[in-house]
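Worksheet: the structure to be examined is printed underneath.
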C-alpha cells in the first residue's frame, strides 16, 4: 500500500524580480507516497533544485500549495517551515554537508539535538542509525577520515535518525564511484520500501533507474512525464 | 556534553590563529580597562589618604573647600566656638601648605607640609619605620617617607635641610605615605608648620572634631553650623567624596581614565565582532545545513553565543592574571592600581557583555541565511 505523505499542487515559483524575473516552476503537481522511491530527473535549469527546495520547505511557492504530512506550508514563516523539516523531512545532499569538526556519531546526533533530544537515548539512536547504514565501526571517525561513500552513508544516517516520513536526496551519488553509488542507493531503496518512507531523489544518473518505483521528468519548470517502474505501483 | 557547546568549542579552536587573535584582542581590551579602572580606584583612594588616617568624627573647614589640599584658612576663634558646642570633646587644628625644601646641596624641591597638634594626635604620620612620633615634639623635627629620600636629598634619621630658611631635621621615617601629586609629605608640629608655610598663628586649615561618647553626630553638626559662620562641617565620608569628586572630575583626571576604559571596550568589541563575524562567515554552509535539517534560529544563536562566551571566559581569565601582576608591580608606587572584588566581577560581566554584543553582527548574518544554499554548495 502507498499513501500520500507530500503533496504539491499547481506549484509555481518565480525567482528574481523585475526584468531578471524567471519562472522556475510553472504549475507543478507531484505526490510522494510512503513506501515509494521516486526519481526526479531533468536537465540542468529545468527546476529540479527549486522544486526540491519547495518540497523540502526551504522555499515557499509563489502559487500553489504544498502539504507535508497533512500540514500546509501556505503562510508559514521560516520557523514554521524549520519545524516541518525537523519533524517530517530528512535530507541527503550531494556534497554530504557533514560537520568536519564532529565525529560521525555526533554528526548523526545533531539531527536529534536540533529537535531537543539530548538524553542518552539520542546517542543510542545515532549509533543504531550508523549501524543501519553499515557503519557501526565508524562511530568515532571524523568526516576527514571517511571515504566519500562512507560520508554519504553518515549523511543518510543523519537524515533517518529522527524517523522522518519523507527523505529528500539531492544527487546523492554524484560525488561517488559506481560501487559506492549502488550501495547508497540500496540503502535509500531500503528506507523507502522496508520502512515505509517517501524517498525522492534528484538525479541525472540513469544508473539509478533500477532502484525507482516511479520516475518524474521535469523540463523547463514543468513535469513532462511520469513513469511507474516499481512492482508496488503496478 | 551538549552538542551546541561541542560545536561552538570546535568552531572556535578549528582556526587556532584566529582564536589566538581574538583572545589577544579581548586580553588587550580587558587589561586596558582594568588598568584604567584600577587607576581610577587607586587614585580615588590615594587622594583621600590623609582623610582616611585622620582621627576625626567631623571636619570643620572654610566654606567652599574643594579637597584636603585646598589651603583656605579658618580663624582659630572658631575652635573655641566649636568646643562650646555640647558633645564636642576636642577640636584639633590642622595646618597644611606647600613649601620649598632646600637640600644641603642648595637644590630645592617642593614639599607638602602637614602640621597638627601632636599632643592631641589629630593627623599624625603612620607606618613609622624609624624613630618615634613623640620625637616630632623636639625642635626642628619632621617626619618624611623613605620613598622620598632621593627626592629630598637625605639618607635617613638625623638628616637636615631647610624650609623657608629654617632648619629642619628628620626625626621620624615612614613607609608608604606617598602623594599622588608626587610632592613629598612632611609631617611636623602645627606651630612649625605655620612657620614653614606662612600661615598666621591665629589660623588653621581644618579643625578635626572628636565627639564625646554617645553623642548625636547630626545634632552636633547642626549646632556647629549655627554657631560658626562661613564654614562647612563634613563627616569623613562626605569629605572623602568631595575630595575624590574634585580630583577625579573637576581636574579631568577621571574623565581621561574613563575615556581610556571606553577605548578599551570599543577596541575589544570591534576585534571580537570582526573575528566572530568572519568565523561565522566561514562556517556559513554549516549553519545553513543546521537550518536545512530543521534547527531553529535559536539553536544557531546558541552556538554563536556559546562561542562568544568561551572567548569571554578564556580572554578574561588571561586578562585577570595580567591585571593581578600589574597590581603587584604598582603596589609600592605613588599611584597604585587597585582591583577590588567588585571591579573583577564588573570586568567579567563587561567582558561577557562585550563578547555577546560582538556576536550580534554574526547573528544578524545568520538570521538572513537561506537554507537552500546547501543544494548549490
Filtered residues of the stretch B:1-47 (kept if surrounded by 19 or more Cβ atoms within 10 Å (Cβ to Cβ) and outside any helix (DSSP H, G or I)): B:47
For residue B:289: the one exception among (1) more than 20 Å from residue A:59 (Cα to Cα); (2) surrounded by 24 or more Cβ atoms within 10 Å (Cβ to Cβ): (1)
The stretch A:2-46, subset within 14 Å of chain B (Cβ to nearest Cβ) and out of contact with any strand residue (DSSP E or B) (no Cβ under 6 Å at 6 or more places or on another chain), residue surrounded by the most Cβ atoms within 10 Å (Cβ to Cβ): A:45
Residue A:147 vs. criteria away from every other protein chain (no Cβ under 13 Å), more than 20 Å from the chain's Cα centre (by Cα), surrounded by fewer than 19 Cβ atoms within 10 Å (Cβ to Cβ) and at pLDDT 90 or above: yes
From A:49, A:60, A:101, A:74, residue being without any contact (Cβ under 8 Å) to a residue 24 or more places away in the chain, within 13 Å of chain B (Cβ to nearest Cβ) and surrounded by fewer than 24 Cβ atoms within 10 Å (Cβ to Cβ): A:60
Residue list for the stretch B:362-377, restricted to those being modelled with pLDDT of 80 or more and either in a loop (DSSP other than H, G, I, E, B) or in contact with a strand residue (DSSP E or B) (Cβ under 9 Å, 6 or more places away or on another chain) (or both): B:368, B:369, B:370, B:374, B:375
Condition check for residue A:209: buried (at least 17 other Cβ atoms within 10 Å of the Cβ) and over 27 Å from residue A:84 (Cα atoms): no
Counted residues, the stretch B:266-286 - those being more than 29 Å from residue A:78 (Cβ to Cβ) and surrounded by fewer than 19 Cβ atoms within 10 Å (Cβ to Cβ): 3
Residue ID - surrounded by the fewest Cβ atoms within 10 Å (Cβ to Cβ), chosen from residues in the stretch A:84-98 that are facing chain B (nearest Cβ under 9 Å) and within 22 Å of residue A:136 (Cβ to Cβ): A:98
Meets criteria (under 14 Å from residue B:294 (Cα atoms), within 7 Å of chain B (Cβ to nearest Cβ) and surrounded by 19 or more Cβ atoms within 10 Å (Cβ to Cβ)) for residue A:113: yes
Residue A:81, sole failed condition from (1) more than 8 Å from every other protein chain (Cβ to nearest Cβ); (2) surrounded by 18 or more Cβ atoms within 10 Å (Cβ to Cβ); (3) in contact with a strand residue (DSSP E or B) (Cβ under 9 Å, 6 or more places away or on another chain); (4) farther than 27 Å from residue B:14 by Cα: (3)
Residue check, residue B:83 free of Cβ contacts under 8 Å to residues at least 24 places away in the same chain, in the same structural domain as residue B:228 (by TED's automatic domain parsing), under 22 Å from residue B:209 (Cα atoms) and in contact with a strand residue (DSSP E or B) (Cβ under 7 Å, 6 or more places away or on another chain): yes
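The values are calculated or read from the model by the stated rules, or taken from the named source; none is laboratory data. Quantities reported herein were computed from a predicted structural model and do not represent experimental measurements. Cβ coordinates were reconstructed from backbone atoms using ideal geometry, including for glycine residues, and neighbour counts include every protein chain displayed.
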